[in-house]
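**Student:** Quick one: structure below, then a few questions.
Values quoted throughout were computed directly from the atomic coordinates according to the rules given, and no laboratory measurement underlies them. Note that the coordinates shown come from a computational prediction; the quantities given were computed from them, not determined experimentally. Here the Cβ positions follow ideal geometry from the backbone for every residue, glycine too, while neighbour counts run over all protein chains shown.
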Amino acid sequence: MDTNWENLGSLVKIKVIGVGGGGCNAINRMMDSGLADVELIAVNTDAAALALSRAPIRLCIGSNLTRGLGTGGHPEIGAKAAEESEKDLRTLLDGADMAFIATGLGGGTGTVASPVIAEIAQSEGALTVAVVTRPFSFEGAKRAQLANEGLKKLSEHVDTLITVQNDRLLQLVDRHVPLQQAFTLADDVLRQGVQAISELINAPGLIHVDFADVRAIMANGGAALMAIGRASGEERALAAAQQAITSPLLDVDISGALGVLFVVKGGDDLTLYEVSQAADLICKTAA
């Protein structure tokens, strides 16, 4: 029997649904980064904003209800829009082994449409993972409250929920960063979360993590955290691991974690000893 090993990764059907403004922006960033072997889908109630998306698949939900003009920040409209387009959403999610839902919470579309989409994905049998950001404090109490409500509903319909506090991103950048760049960073965090996990499954590696491994960790995994570390020079892998486990993106200590997925990426000169050092640090910290 001949086996085409190069195509085995593509047998895992991964679909990424960016919902609302932040989610659709994240989809554009995934395309810029060359994310491969995933199906990228942009979903919004705002037809004009959706037209700016470069996603190969775009769906304007609730067209009869909103006429493509968005929700105006009214969450009840966003929920009804998703329900109106349930058949189209189910068609898009058909056959997915894994579904990522990327969105920025606090708005009228992503916050309330995402739980509906997640419920559909789970009913189709997909391992469902949401990667979401919570609004900056300066966006106001109303958006924060809406985000909290959306987060609670979303948690009921996903296997794993990865949440990033936008305020924590400000600890990673210069205090004089322009406002637009701050929102760009938030969108890119969504991209990083999706890309890190999808590449674990589909990108070739010396020590490969397959879909069964990912499912074992993430199925019914509940709340999860993500962090990234980068370093160069001496003890670079160890330094990158240390940077990740102490990242401002982590709002709790990782000790006692029920499971950890991590990937080490480096050049051809990366040594086994370096990887072993990084792995030991992560495992000891999470124990």
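**Student:** Among Leu127, Leu200, Ala216, pick out the residue whose Cα is farthest towards the positive end of the charge dipole of the chain, where Lys and Arg carry +1 and Asp and Glu carry -1 on C-beta, about the Cα centre.
**Tutor:** Result: Leu127, furthest along the dipole toward the positive end.
**Student:** Quick check: the angle from helix 179-202's long axis to the longest principal axis of the chain, C-alpha only, nearest 10 degrees?
**Tutor:** Computed tilt is about 60 degrees.
**Student:** Given charges of +1 on the Cβ of Lys and Arg and -1 on the Cβ of Asp and Glu, with all other atoms neutral, how large is the dipole of the chain about its Cα centre, in debye to the nearest 20?
**Tutor:** 860 debye
**Student:** ³J(HN,Hα) across the range 265-279 via Karplus (A = 6.51, B = -1.76, C = 1.60, θ = phi - 60°), whole Hz, x for Gly/Pro?
**Tutor:** 10, x, x, 5, 8, 5, 9, 4, 4, 4, 5, 4, 4, 5, 5
**Student:** Relative contact order of the range 62-171: what whole-number percent is it, with Cα pairs under 8 angstrom and at least 6 residues apart?
**Tutor:** That works out to 26 percent.
**Student:** Now for a separate question. What residue among Ala237, Ala223, Ala212 shows peak mean-square fluctuation when the chain is described by a Gaussian network model with Cα springs under 10 Å?
**Tutor:** It is Ala212.
**Student:** Related question: Using each residue's phi in the range 75-87, evaluate 6.51 cos²θ - 1.76 cosθ + 1.60 at θ = phi - 60° and report the 3J(HN,Hα) Karplus result to the nearest Hz, with x for Gly and Pro.
**Tutor:** x, 4, 6, x, 5, 5, 5, 5, 5, 4, 9, 4, 4
**Student:** Name the shape class, rounded, prolate or oblate, that the alpha-carbon gyration tensor gives for the range 5-218, where a ≥ b ≥ c are the square roots of its eigenvalues, rounded holds for a/c under 1.5, and otherwise prolate holds if a/b is larger than b/c and oblate otherwise.
**Tutor:** Taking the square roots of the gyration eigenvalues as a ≥ b ≥ c, the range 5-218 is oblate.
**Student:** Based on alpha-carbon atoms only, what is the radius of gyration of the range 205-249 relative to the globular estimate 2.2 N^0.38 Å?
**Tutor:** Cα Rg divided by the expected 2.2 N^0.38 Å: 1.47.
**Student:** Taking square-rooted eigenvalues a ≥ b ≥ c of the alpha carbon gyration tensor, is the range 152-287 rounded, prolate or oblate, where a/c under 1.5 means rounded and, failing that, a/b exceeding b/c means prolate?
**Tutor:** oblate
**Student:** Measure off 7 Å from each Cα along the Cα-to-Cβ vector at Ser232 and Gln180, then give the distance between these two points in nanometres to one decimal.
**Tutor:** For the pair Ser232/Gln180, the computed spacing is 2.8 nm.
**Student:** Next question. From Cα pairs below 8 angstrom and at least 6 apart in sequence, can you work out the relative contact order of the chain, rounded to a whole percent?
**Tutor:** 15 percent
**Student:** In addition: What is the spread of the Cα atoms of the range 227-286 along each of their three principal axes, largest first, in whole Å?
**Tutor:** 33, 20, 15
**Student:** Suppose every Lys and Arg Cβ carries +1 and every Asp and Glu Cβ carries -1, with no other charges. What dipole size does the range 227-286 come out with about its Cα centre, to the nearest 20 debye?
**Tutor:** That gives the range 227-286 a dipole magnitude of about 140 debye.
**Student:** Using the alpha-carbon atoms, what tilt in degrees (0 to 90, nearest 10) does helix 20-32 show relative to the longest principal axis of the chain?
**Tutor:** The answer is roughly 40 degrees.
**Student:** Now, a different point. Run down the lysines and flag those whose C-alpha is under 24 Å from the C-alpha of Lys15, throwing out any fewer than 8 positions away in its chain.
**Tutor:** By straight Cα distance, Lys15 reaches Lys80, Lys87, Lys152, Lys153, Lys265.
**Student:** Helix 141-155 against the longest principal axis of the chain: what's the angle in degrees, Cα atoms only, rounded to the nearest 10?
**Tutor:** 70 degrees
**Student:** Find out how many positive minus negative residues lie around Ala147, taking Lys and Arg as positive, Asp and Glu as negative, among other residues whose Cβ is under 14 Å from that of Ala147.
**Tutor:** Combined, the nearby Lys, Arg, Asp and Glu give +2.
**Student:** In the range 5-218, with Lys and Arg counted as +1 and Asp and Glu as -1 at Cβ, which of these residues, Gly72, Ile41, Leu151, has the Cα nearest the positive end of the dipole, that is, farthest along it?
**Tutor:** Gly72
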